[in-house]
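The structure under discussion appears below in the form of structure tokens.
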Amino acid sequence: MPELPEVETVKRGLNKLIIGKTITTVRADNPKSFPNAEADVRKFLVGANVTEVRRRAKVLLIDLSTDYTLVIHLKMTGQLVYIGSQDERFGAGHPTDSLVGALPDKSTRVIFHFADDSHMFFNDQRKFGWVRLMPTSEVPNIDFMKRVGPEPLEADFTSTEFAVRFKRRAKTTIKAALLDQSVVAGVGNIYADEALWGAKIHPSRLVETIKPAEFKRIYTEVRTVMNLSIEKGGSTNRNYVNAEGKKGSYMEFARVFRREGLTCPRCGTEIIKIRVAGRGTHICPNDQRL
DNA sequence: CACTTGACCTGTCCGC
DNA sequence: TGCGGACAGGTCAAGT
């Protein structure tokens, strides 16, 4: 999915677009994408107003006036796209930074219709993502929410706390540990590679071999890279678009991710792609050594 | 408990 | 062109 910066971008977009809107109709084709009982949807979703959109890790939380919340995970290919009433939908094409055409399309799994005739589309090519409706008070009790680690971009999140969180994963690789959402929230494949390049750490290094100074570098790079990406509206590697259907531009600033065969911006060595923690992994073999 | 691997799906790309 | 296999931003449930 979309990692932390992409979900954060969608969150900010939706906060500008759907706050105060009333949901009038909800249509879901794929039961896996939105497994809630019809009765709950009628009682707590239809007729509800959107009060706030939040994010925790890579999960979006759309709070409703009924004290229920739409919990949404985009996983690998999910999109949440808002389209204003009529004219925009079948207008004269979309901007060049758009990936979506007229909606709904083949990948549309859920459609939310608002009272002003605008819509929010949950699109998800691979059907890994999901939408759930539950009481707002129960959201923290979801297994994932109980397990997930701290938000790495919070002002009070320190490098010391960062390093301590990894102790539990001493025998695995630093890349696997970074991807583990119970260690730190929100890091995925793109920003793990980008941060480890920035910190000059080989992704296959075992956690127990990482020195305090190195943890500090990884901490700084995780925050720098994700803050930059939020500034750039996230990364569009393939499917990702923001709440307006537009791509993010971080990939133009990526230093290793999907840049195999190109040169390292720091030393000029050719970037290579390897496999670590079962994931495609991009490194500079000169700057990042075992 | 900690760690690794495969499964969940659809689409695209690459080699034959 | 067609076909098979590998791979894709993430998590889980199994296995060891």
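Computed from the coordinates by the stated procedures, all read-outs in this text should not be read as laboratory data. Keep in mind that what you see is a predicted model, and the values were worked out from it rather than measured. Note: ideal-geometry Cβ built from the backbone for every residue, glycine included; neighbour counts use all protein chains shown.
Which one, A:Thr24, A:Val276, A:Leu178, projects farthest toward the positive side of the charge dipole computed for chain A from Cβ point charges (K/R +1, D/E -1)?
The Cα lying farthest towards the positive end belongs to A:Val276.
Among A:Phe122, A:Val7, A:Tyr82, pick out the residue whose Cα is farthest towards the positive end of the charge dipole of the stretch A:4-147, where Lys and Arg carry +1 and Asp and Glu carry -1 on C-beta, about the Cα centre.
Comparing the listed Cα positions along the dipole, A:Val7 ranks first.
In whole Hz, with x marking every Gly and Pro, tabulate ³J(HN,Hα) for the stretch A:20-35 from phi via Karplus 6.51 cos²θ - 1.76 cosθ + 1.60, θ = phi - 60°.
x, 6, 9, 7, 10, 9, 10, 10, 10, 7, 8, x, 5, 6, 8, x
With respect to the cross-link table entries A:Lys75/A:Lys232; A:Lys106/A:Lys175; A:Lys127/A:Lys175; A:Lys146/A:Lys247; A:Lys32/A:Lys246; A:Lys171/A:Lys216, which display a Cα-Cα separation exceeding 28 Å?
A:Lys106/A:Lys175; A:Lys146/A:Lys247
Using the Cα centre of the stretch A:159-283 as the reference point, and only Cβ charges (+1 on K/R, -1 on D/E), how large is the resulting charge dipole? Debye, rounded to the nearest 20.
So the magnitude is around 300 debye.
Would you list A:Val148, A:Val184 from fewest to most Cβ contacts within 10 Å?
A:Val148, A:Val184
Can you tell me the dipole magnitude for the stretch A:4-147 around its Cα centre, using point charges on the Cβ only (Lys, Arg +1; Asp, Glu -1), in Debye to the nearest 20? Mind showing how you got there, number by number?
On the way: 21 positive and 17 negative charges, 112 e Å.
That gives the stretch A:4-147 a dipole magnitude of about 540 debye.
Run the dipole for the stretch A:103-189 about the Cα centre, Lys and Arg Cβ at +1, Asp and Glu Cβ at -1, nothing else charged, and hand back the magnitude in debye, nearest 20.
740 debye
Report relative contact order for chain A in percent, whole number only (criteria: Cα-Cα under 8 Å, sequence separation at least 6).
Here the relative contact order equals 20 percent.
Over its Cα atoms, what ratio of radius of gyration to 2.2 N^0.38 Å does the stretch A:4-147 give?
Working: Rg = 14.5 Å, N = 144, 2.2 N^0.38 = 14.5 Å.
Compared with the compact-globule rule of thumb, the stretch A:4-147 sits at 0.99.
Within 10 Å of each residue's Cβ, count the other Cβ atoms and sort A:Glu221, A:Glu151, A:Glu6, A:Glu194 from fewest upward.
A:Glu151, A:Glu221, A:Glu194, A:Glu6
Helix A:189-198 versus the longest principal axis of chain A: what angle, 0 to 90°, nearest 10, using Cα atoms?
It works out to around 30 degrees.
Between helix A:4-17 and chain A, what is the angle of the helix's C-alpha long axis to the longest principal axis, kept within 0 to 90° and rounded to the nearest 10?
30 degrees
Bins of 10 Å, beginning at zero and ending with the bin holding the largest distance: percent of Cα pairs per bin for chain A, please.
Per 10 Å bin, starting at 0, the Cα pair percentages come out as 6, 27, 32, 21, 11, 2, 0.
Can you tell me the 0 to 90 degree angle between the C-alpha axis of helix A:212-231 and the longest principal axis of chain A, rounded to 10?
Compared with the principal axis, the helix lies near 30 degrees.
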